[in-house]
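J.: The structure under discussion is supplied below as structure tokens; questions concerning it will follow.
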Amino acid sequence: MVINMEFLKGEDIYLKLDKKTAGNIRKQWLPAYHFTICDMHGDEVGGCDLRIGYNKNAYYGGNIGYHIDENYRGHHYAGKACLLLFQLAKKHKMDYLIITCNPDNHASRKTCEYAGGTLEEIVEIPEDNDMRKIGETEKCIYRFSLLNY
């Protein structure tokens with residue numbers, strides 16, 4: 001599917017496509033879009049990605065990942081990027097998205113709330129999950145219904 005990305009612009013930021021990656025069925029990785037988050041001056045303020053589809057890994061790792069460079073935090077750029085990514089997910093006929101974070105990551109929890117997520121649960125990561133193997137133990141699971149966007 002070829003999608004023009006021009007719509008991924010807001011009042012404060014826009015998303016610049018860096019690459020698309022294919023999924024890996026064996027590793028249960030979903031196909032993904034990877035973006036640089038830029039302010040309207042063109043300064044790079046962070047990055048985000050959108051994983052297309054649903055599986056067990058996406059439940060624990062989320063459909064969206066993001067980071068904001070320290071100098072640019074406090075402007076809701078991650079939340080605004082999520083709202084733009086919701087539009088792209090809808091073009092892929094996705095009905096909902098999952099975003100996860102560590103329970104003690106208060107900034108990320110605020111981002112999920114800013115973007116309209118509902119905390120479904122705080123779960124223990126299964127022993128066989130790659131995140132568990134690098135020391136992660138729990139995740140907050142936020143669900144976003146795309147019917148509202």
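J.: If you put +1 on each Lys and Arg Cβ and -1 on each Asp and Glu Cβ, how big is the dipole of the chain around its Cα centre, in Debye rounded to 20? Walk me through the numbers on the way to the answer.
T.: Working: 19 positive and 21 negative charges, 129 e Å.
Rounded to the nearest 20 debye, it is 620 debye.
J.: Now for a separate question. Kindly provide the helix-only [θ] at 222 nm of the chain, computed as the sum of -39,500 (n - 2.57) over DSSP H runs of four or more divided by all residues, to the nearest 500 deg cm²/dmol?
T.: Computed ellipticity for the chain at 222 nm equals -6500 deg cm²/dmol.
J.: While we're looking at this one, here's another question. Just need the Rg to Rh number for the range 5-148, please, alpha carbons only, Kirkwood Rh.
T.: Rg/Rh for the range 5-148 comes to 0.95.
J.: Here is a follow-up. If you take every DSSP beta bridge fully contained in the chain, what fraction is antiparallel? Give it as a percent rounded to 5.
T.: 100
J.: Could you state the number of Å between the C-alpha centres of the range 81-148 and the range 30-52?
T.: Distance between centres, Cα-based: 16 Å.
J.: Averaging over every viewing direction, what projected area does the convex hull of the Cα atoms of the range 15-58 cover, in nm²?
T.: 3.3
J.: Hull surface divided by four, with the convex hull built on the Cα atoms of the range 53-105: how many nm²?
T.: If I average the Cα hull's projected area over directions, I get 4.2 nm².
J.: For a quick protection proxy, order the peptides 46-52, 67-73 by their average other-Cβ count within 10 Å, most packed first.
T.: 46-52, 67-73
J.: Which net charge results for the neighbourhood of Glu136, defined as the other residues with beta-carbon distances under 14 angstrom from its beta-carbon, given Lys and Arg at +1 and Asp and Glu at -1?
T.: Around Glu136, the surrounding residues sum to -3.
J.: Right, here's the next one. Please find the FRET efficiency linking Thr21 to Thr118, where r is the Cβ-Cβ separation and R0 is fixed at 41 Å, and quote it to the nearest 0.05.
T.: Efficiency at R0 = 41 Å is approximately 0.90.
J.: If we sort 93-102, 77-86, 19-28, 129-138 on the protection proxy, mean other Cβ atoms within 10 Å, highest first, what's the order?
T.: In decreasing order of mean packing, 93-102, 77-86, 19-28, 129-138 become 77-86, 93-102, 129-138, 19-28.
J.: Read phi for every residue in the range 26-31 and hand back ³J(HN,Hα) as whole Hz from Karplus 6.51 cos²θ - 1.76 cosθ + 1.60, θ = phi - 60°, with x for Gly and Pro.
T.: Rounded to whole hertz, the list is 4, 8, 6, 9, 8, x.
J.: Once you list every other residue whose beta carbon is under 15 Å from the beta carbon of Phe7, what net charge do they have if Lys and Arg are +1 and Asp and Glu are -1?
T.: Here the count lands on +3.
Any read-out appearing in this document is the output of simple, stated calculations on the displayed coordinates, not a laboratory observation. The structure displayed is predicted, hence computed values, not measured ones. Quick reminder, even Gly has a Cβ in these numbers, built from the backbone with ideal geometry, and neighbours come from all protein chains shown.
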